[in-house]
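Notes to accompany the following structure.
Every read-out reported here was derived from the displayed coordinates using simple, explicitly stated rules and does not represent laboratory data. Note that the coordinates shown come from a computational prediction; the quantities given were computed from them, not determined experimentally. Here the Cβ positions follow ideal geometry from the backbone for every residue, glycine too, while neighbour counts run over all protein chains shown.
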Amino acid sequence: MNAFDEKLAAHRLTLTRGTLRTLQINVGRKCNQACRHCHVDAGPWRPEMMNSKVAHRVGEWIRTHRPEVVDITGGAPELSEHFRYFVETARDCGCHVIDRNNLTIIETPAFGWLPEYLAAHQVEVVASLPCYLEENVNAQRGDGVFEKSIKALKNLNAVGYGEALPLNLVYNPIGPKLPPPQAELEADYKRELRERYGIEFTGLFTITNQPIARFAEDLRSHGKWDEYLELLANSFNPATVAGLMCRTTLSVGWRGEIYDCDFNQMLNLQLKDGQPLLLWQITPADLEDRPIATGTHCFACAAGCGSSCTGALQASA
């Protein structure tokens, strides 16, 4: 039993899957950025990308089972040759579609079409912007990223995002700490981005940095690993457990393999039934009441106000 399971047991809690709501597709590790906090360890040099055979088997599963939400992520998901296939297949099936967008991809010459395309298909944009201050964003995500992100947000606003269409921003803390209360930070973001740049957005998601991949390496290199894990464990909030995203989300990897969440995917904690499972080998009903694979990293999602792909789970810890 790992430390997270011990903490659940101490609170007489169990963690099992409920009814599937969201199919999250990780199309691969290639990205036009290499952010310090990235739990995927994504970058321009990564070759791992979903091939056509796997993509179309995932599309067939969507047509058959029609999940409420199809959440497309990466890397930069738009770099996948199958990005538009997933968007259009899911929308044709009546699914709500989310594009986890790093903003700077919109400012590359090959992807200037994205705002109009996403708006035409009514895709929700969830966009990374770890701060409203230029120096903080560039420190975490690279020089010039903030300026490109602001231009991209203005382009999204110009086609209706932030008003008629949902545009949600994502905040990750800089360094080994928990996010502040989401509602308070959202108010700060809205004020600062409106006053400084005339930008509007729908909401802010605060997400705790996972001690995985590149962020884990950064913690160790600065001698902060033990301190951060202790912070997460000491901040465990049992009230967050019922709302953890792993209960209603299924994560699909670039080879079609499945996981309880994208974080488990990065740690190779694959769902199994005697042998590792692929998406097309299961149905949503097969998943209900299955125990969820956990590890020390799970403390990040259950710390403080809680953390998920849709932000904090509670207004206060």
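Remarks
- Using only alpha-carbon positions in region 140-277, the gyration tensor eigenvalues give semi-axes of 30, 21, 17 Å once each is multiplied by 5 and square-rooted (largest first).
- The chain: relative contact order in percent, alpha carbon pairs under 8 Å with at least 6 residues between: 24
- Spacing of the modelled spin labels on residue 1 and residue 151, each 7 Å from Cα toward Cβ, amounts to 5.5 nm.
- One compactness figure for the chain is 0.95, namely its Cα radius of gyration divided by 2.2 N^0.38 Å.
- When the chain is treated as a Gaussian network with alpha carbon springs shorter than 10 Å, the biggest mean-square fluctuation among 102, 155, 26 belongs to 155.
- Relative packing of peptides 220-229, 241-250, 255-264 - highest average C-beta neighbours within 10 Å first: 255-264, 241-250, 220-229
- Non-local lysine pairs in the chain, meaning eight or more places apart or on different chains, with alpha-carbon distances under 22 Å, amount to 8.
- Across 190, 272, 151, mean-square fluctuation computed from a Gaussian network of the chain (C-alpha pairs under 10 Å connected) peaks at 272.
- Kirkwood hydrodynamic radius of region 254-317, from inverse mean 1/r over distinct Cα pairs, in Å: 13.3
- What you get for region 146-186, charging only the Cβ of Lys and Arg (+1) and of Asp and Glu (-1), is a dipole of about 200 debye around the Cα centre.
- For region 147-186: span of alpha carbons on each principal axis (Å, largest first): 36, 22, 11
- Farthest toward positive dipole pole in the chain [+1 Lys/Arg, -1 Asp/Glu at C-beta], among 93, 173, 129: 93
- Charge-dipole axis of region 158-317 as Lys and Arg at +1 and Asp and Glu at -1 on Cβ define it, positive-most pick from 277, 219, 301: 219
- Cα centroid separation - region 274-317 against region 183-242, whole Å: 18
- Each Lys and Arg adds +1 at its Cβ and each Asp and Glu adds -1 at its Cβ; summed about the Cα centre, region 58-183 shows a dipole of about 160 debye.
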